[in-house]
Amino acid sequence: MKIKNRTLLLPLAAVLCVAALTGCTRTSYAIQTNDARTIISDGKPKEADSGLLEYTDANGVKQQISKTEVKQVTELPK
């Protein structure tokens, strides 16, 4: 009986880890500017009251860009 539990423990732990990591994935967005640059953000950019678009770049650094410089924001497929 003890051997059966051990053989089930590893696959169960693997399934739980994959399920936990799946919930942690974030969607990326492409911010296209008026001067033809494309900025990739980690997570959805947020509009600030100050007229800026706040986003986290691919390196995890929080950045801001003026909303007047932004042409389009699109969600990237996973």
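Only the coordinates and a few stated rules stand behind these numbers; no lab work does. All values reported here derive from a predicted model rather than from experimental measurement. When we count neighbours, we look across all protein chains shown, and the Cβ atoms used for this are built from the backbone with ideal geometry, even at glycine.
Does the stretch 53-64 hold any residues that are out of contact with any Lys or Arg (no Cβ under 9 Å at 6 or more places or on another chain), hydrophobic (A, V, I, L, M, F, W, C) and under 13 Å from A30 (Cα atoms), and which are they?
Residues of the stretch 53-64 that are out of contact with any Lys or Arg (no Cβ under 9 Å at 6 or more places or on another chain), as a first pass: 57-64.
Next cut, hydrophobic (A, V, I, L, M, F, W, C) only: 58, 61.
The one that is out of contact with any Lys or Arg (no Cβ under 9 Å at 6 or more places or on another chain), hydrophobic (A, V, I, L, M, F, W, C) and under 13 Å from A30 (Cα atoms): A58.
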List, please: which pairs have Cβ atoms under 7 Å, are six or more places apart or on different chains, and start with a residue in the stretch 38-61 that is farther than 18 Å from L76 by Cβ and end with one that is among the β-branched types (V, I, T)?
-> L52/I65
Restricting attention to the stretch 59-68, and to residues there that are among the β-branched types (V, I, T) and exposed (fewer than 15 other Cβ atoms within 10 Å of the Cβ), which single residue is nearest to the chain's Cα centre (by Cα)?
-> V61
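Inside the stretch 27-58, can you point out the residues that are surrounded by 14 or more Cβ atoms within 10 Å (Cβ to Cβ), among the aliphatic types (A, V, I, L, M) and touching an Asp or Glu at 6+ places or on another chain (Cβ under 8 Å)?
Result: I39, L53.
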